[in-house]
Amino acid sequence: MKKIRSIAIKALRILKKYTKQSFREAESEFNNALTITEKRTIIVALHKLGVPFEIPYNEMFEIKKMHFVDRVIDKEEIDGVILQINKGYCDNLFYLDPDSYFAENTSFAKRNVAKKYVKEVLSKSRRDKNHLVSYPENWSSIFGIGEFQSIRVFHERVCFDVLYDSNGIPIPEKLNQVIHEIDMGLWDDSFQMNYEVYKNVQAQIEINNTFQALAAQQQNAGKKTSNDDPNQLEKVDSH
């Protein structure tokens, strides 16, 4: 077990060398410095401890070429993980099968589908002067049934005017920011939400907004009628 801990610490020290840089800068050295057997033993534990591995949406999980989320490496976080490993707090996490772990981790799968949507659909959409967005024809056909279901709420919620320039063309930097947010887990609630429930909630919100608008109109109309009433004016003058 001490040998396994040393492998994990070896990997973390590689990452630590890239402090204040992106994890992606460490990808090449991480993959070359560790054997497949070493990575197979420790990567699940490292991920559970906060090392942000990712699987690109257009790739299958391959242990020979591990990828990282584009996030800045924090020296203190790495030191904290090394301390936990040295004390043996994480021994139960080693040897967990990475193939099963990454395949069964639904957050990886759903985030990958969302990133695929941003790159293959949202990037090719256009917004007109009336703020209506048009998408590529038959865009949903590039997703499997399960994939499509997992992003239906995301598809409706991610449509913001700020993603488009004055000509209605998506801004690459804004789309990259959305992808970064997906990697951080900020959109996970959209992937978990049932589409029918989401639509019912939205419909209820619209009904409430309509009632509030009507009530405000009636209230304003009542004030106008009251102000136009001569008797009311006389009462005010006499008072």
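The values are calculated or read from the model by the stated rules, or taken from the named source; none is laboratory data. Just so it is clear, the structure is predicted and the values come from calculations on it, not from any experiment. No Cβ is skipped: glycine too gets one built from the backbone with ideal geometry, and neighbour counts run over all protein chains shown.
Before moving on, here are some points about what is shown:
- Selection of the range 25-40 for residues being in a helix (DSSP H, G or I) and hydroxyl-bearing (Ser, Thr, Tyr) yields Ser28, Thr37.
- When Ile4, Ile43 are checked against the criterion of being surrounded by fewer than 19 Cβ atoms within 10 Å (Cβ to Cβ) and part of a helix (DSSP H, G or I), a single residue qualifies: Ile4.
- Cβ-Cβ distances below 6 Å connect the following pairs, each with a first residue in the range 175-199 that is in contact (Cβ under 8 Å) with a residue 12 or more places away in the chain, a second residue that is in a helix (DSSP H, G or I) and small (Gly, Ala, Ser), and a separation of six or more residues or different chains: Leu175/Ser123; Ile182/Ala114; Phe191/Ser150.
- Residue match in the range 57-68 (condition: β-branched (Val, Ile, Thr), within 22 Å of Glu181 (Cα to Cα) and not assigned by TED's automatic domain parsing to the domain that holds Phe143): no
- Of the helices (runs of 4 or more DSSP H) entirely within the range 52-149, those holding at least 2 residues that are touching a residue at least 24 places away in the same chain (Cβ under 8 Å) and under 21 Å from the mean Cα position of the chain (by Cα) occupy 98-104, 106-120.
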